[in-house]
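Notes follow once the structure below has been shown.
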Amino acid sequence: MEGLMVSDANLTVYIHPSMANKIRGAILSQLSSLLFKYDEMFEGVLLAYQVDGRSRSARILPGLVPHIGVKLRASLLLFSPKPNMFIEGKVVKLGRESVHATVLGFSSAAIMLEDIRAEFKYKTRDGVGTFTSRYNKHHLIKVGSIIRFIVKSLDEEMLHISGSLVPPNTGCINWLSKHEVDDASQKERGIKRNRANGVEENALEQDPSFFHSSKRSRSHKD
Amino acid sequence: MGIEPVRSDMAIQEVEDGYLSDSAVHSSIAEILERVSKPPNMVAERDKDLYEQLLVIVNPLTRKKNLDEEILFATALKALSGVVYKISTIYHASLLRNIFSMCIWDYGLDTRTALLELIANLAVVPDKFLEDSLEMLVRNFQPPERMCGYICQTRWRGERKRINGQLHETLCSITHLVPLAPFKLKGILHRMMPTFRTRKALLVTFVECMLGLESNEIGEYLSSTLLSMVVDLLVDLDVNITWEDILKEDHNRSIFDMEVEDLENNAENNSVGSQIVCRKGEGFGDLKYNMTDKLDCVMVIVCEHIKSSACDGRLVKIFETLIESFLKTVLNAHKSKFSQFIFFYACSLDPEICGLKFAILLTDIFVSKTEDPISRMSAIAYVASFLSRARFISSAVVSSIVKRLVEWCYDFCYVQASTERIKNPRGHRLFYAGCQAVMYILCFRMRLLMDIPELKEILFNLPLEAILCHPLDPLRVCLPTIVQEFLRQAMAAHLLKKPFLSCDPNDLLESEFSKAFGGVERLDMFFPFDPYLLKQSDRFMRPNFEFWSMVKKTYSNFNSDDDFDDLDPESADEGSHDGLDDEELVDEDGEDDLGCSMNNMSITPRPVFEMATASGGSIPIPSRMPARIRPSVSPI
């Protein structure tokens, strides 16, 4: 899955003087207030953070209310989906005209009929709707399956993703992980990808330290 | 999107014909939508007409006259929910406007279901309609203006429950698909929450629906917001009732004129798109609302909600959030009168956990050095009133808190303020408030504490005399009525050995001091849990409420085996003319005798008291609470 990364950030947290006797709590609540919201500064959504260290000295900033600026280093786990990225989500609703999935449990994605490639056909069996591939009947998408799709567009405020199943290497991840390597040569690879297969990605998802860390320096105002 | 797979299958099995004609409607509507999805000058006349026809069918303003029309409408809605992805914000703006301004209260069950399904489907289309959909649902938390007259009647209760249930279901299904929807919902609720000026029926249905949300899935995310919004509303209503209104309540209903501008704003908000009901012409009789009545009804809803969550075993969780909003709003609201009783009620449902927590939290605030003095003053007022009035709080808890308070007072006068030897009511107001609280609690609880040997021993070991004799002289500063009663009970129980000068009633008139320590807010006279005066919600409070008349005093009604029978004759004489003790037990069910049970242990600022002090010298007239608010003559 793309779009997840760990960043090392140098932050300055501005703390209200009323919190001067509980700096640590103030820093944590300040950072927590950023969780699950899109932040332009990070160009993504903060999923988790860890304060690595903070400077011993803090400056009192002049102003109407003299806030305390505490410098600290933190590692941030960010989710920043961009158009044409491959991301994965769990299907929560599936109908004749659309597939709805949630990504990482909080961001919602919808794939409309026009964005589902013709290979998939809607079928109902025993009252349960599925999208089944015409070429391989084992390749099917139903409620509960994990799918890989590409990001078409994104509503940053609500993290509402409009996805697409048009590229050939999208679909149910179970099936793709088994067959992608064999078929890779036959498929057109229009979009830059640097991952080999889904199994490894799952491992990555479990262990954030696997992620390549990008060094960034950001400052944050409250 | 749209039709659930299970549903469509059922449709195939059951009514094959119906399904086919439905699907024909679906495809034709999809076609119309597609054809008008281009710049207006490129749309063919015929398509325009068809689209217009669709708008006529899907129109919130035309009431559906007969069943056929309603069925056609429902079918159109179902068809639209199948093709939501074809609806564009640019080309179908008028259609969307019509859909989002509909009022689900206007339609029957089937149509409502279809409409809500359409809304749910629109909400999950990425990046487009979420906000509008949520807003439409929240607007439907309350009925349209024209239904105000009868919506609260009991025969509508079932319907109201059904509609609320459907709204909750829709919101939950949206949350299931868009997990971050509650964040958005929070903002919308804040924006659309009715104010205390809103008409009673609308306010009540909205709050009812909102609290219903708290107990389902969305409550996981929004519990604290929803509860704090309700508490804020209660405080708003509360502070708009003045004591003057209550005092003259008995015969004149307190009626609040509503500002016309506000009503107009509300009318617009409540019926966007639907008929704006113009009430201006109907005379100003309709514009007058009764704040106490509204507060009473909202209190009933909140108490019922707390009760139901206690049945579900969620009380402790809810109490956490309630306490937060208590600290934020209620504690520092200037003499709030009734809203604090929801905490009283919540505590009464779980005295061991919630009641204890509440009492300890308040004591902590009082003792804490970092809290601001006003909060500490109100906290001590709450502790005193709560421990005295809450029948469910065990004597052991009372004794431990009294002990803590006495220790704090002792510490204050012998350690912190040891250098100052003069009465300074304003400077030492926390100390005086603490002493007054101890005395007030003991007035109510002394007898009960005396009945348990261990607690009696604790009480006798407290340095009460040392505090009362200290040069800071709390007996002359605290409220005379409390001091008098306390001394009387303490003497009878032999809690105090030395005779106190202040036993002389004429000595107790220095209420100027007590005024000074209470400050302009008169926090010396703030007793948050004085008898509850709202009529309908009284049933929640009454069973656990200790009325002064029911308090067993140390000096009266002795059983033969009691060890206090050597009653101090002096104090007995005193008692005969201060009007404190000869109250008879109130019949709990009788409403009329409630008035006489409100005696001077319920102290409320009122002119009588000041007059008594101004006249100087005479015995203070025991302050009396008004009997009871009779908020509304009209049935709900």
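At 4 °C and 1.567 mPa s, what whole-number value in µm²/s does Stokes-Einstein give for the translational diffusion of segment A:86-182, with Rh from the Kirkwood sum over Cα pairs?
98 µm²/s
Would you mind getting me the FRET efficiency between B:Asn240 and A:Ala20? Use the beta-carbon distance for r and R0 = 41 Å, nearest 0.05.
Here the calculated transfer efficiency is 0.65.
Around A:Arg117, which amide H atoms from residues at least 5 apart in sequence, or from another chain, sit under 5 Å from its own amide H, with H modelled in the peptide plane?
Under 5 Å from the amide H of A:Arg117: A:Leu165, A:Val166.
Rounded to the nearest 100 Å², what is the buried accessible area between B and A, both sides summed, probe 1.4 Å?
2100 Å²
List the pairs from B:Lys403/B:Lys456; A:Lys93/A:Lys142; A:Lys152/B:Lys186; B:Lys456/B:Lys553 whose alpha-carbon separation is above 19 Å, in the order I gave them.
Too far apart for the 19 Å limit: A:Lys152/B:Lys186.
Measuring from centroid to centroid over Cα atoms, what is the spacing of segment B:95-153 and segment A:54-119 in Å?
30 Å
Could you calculate the FRET efficiency of A:Ala118 with B:Thr89 from 1/(1 + (r/R0)^6), where r is the beta carbon distance between them and R0 is 22 Å, rounded to 0.05?
Taking R0 as 22 Å, the efficiency between A:Ala118 and B:Thr89 is 0.20.
Among B:Asn121, B:Pro182, B:Val204, whose Cα projects farthest towards the positive end of the dipole of segment B:121-212, with charges put on the beta-carbon of Lys, Arg (+1) and Asp, Glu (-1)?
B:Val204
Can you tell me the FRET efficiency between A:Lys37 and B:Leu72 if r is taken as the Cβ-Cβ distance and R0 is 56 Å, rounded to the nearest 0.05?
Approximately 0.80, to the nearest 0.05.
Distance cut-off 18 Å, Cα to Cα: go down the list B:Lys335/B:Lys552; B:Lys294/B:Lys337; A:Lys137/A:Lys178; A:Lys90/B:Lys128; B:Lys317/B:Lys357 and report the pairs above it.
Pairs exceeding 18 Å: B:Lys335/B:Lys552; A:Lys90/B:Lys128.
Gain in length, B:Lys552 to B:Arg391, computed as 0.36 nm per residue apart minus the alpha-carbon separation, to one decimal in nm?
56.7 nm is the gain from fully extending B:Lys552 to B:Arg391.
Across segment A:25-98, what fraction of all alpha-carbon pairs, as a whole percent, falls in each successive 10 Å bin from zero upward?
Reading upward from the zero bin: 15, 33, 28, 13, 8, 4, 0.
Could you work out, residue by residue across A:128-139, how many beta carbons of other chains sit within 10 Å of that residue's beta carbon, and then give the average as an integer?
1
The values are calculated or read from the model by the stated rules, or taken from the named source; none is laboratory data. No experiment lies behind these values; they were computed from the predicted model shown. Reconstructed Cβ throughout: ideal geometry from the backbone, glycine too, with neighbour counts over all protein chains shown. Only protein heavy atoms, including side chains, enter the accessible area calculation; ligands, DNA and RNA are left aside. Shrake-Rupley method; radii C 1.70, N 1.55, O 1.52, S 1.80 Å.
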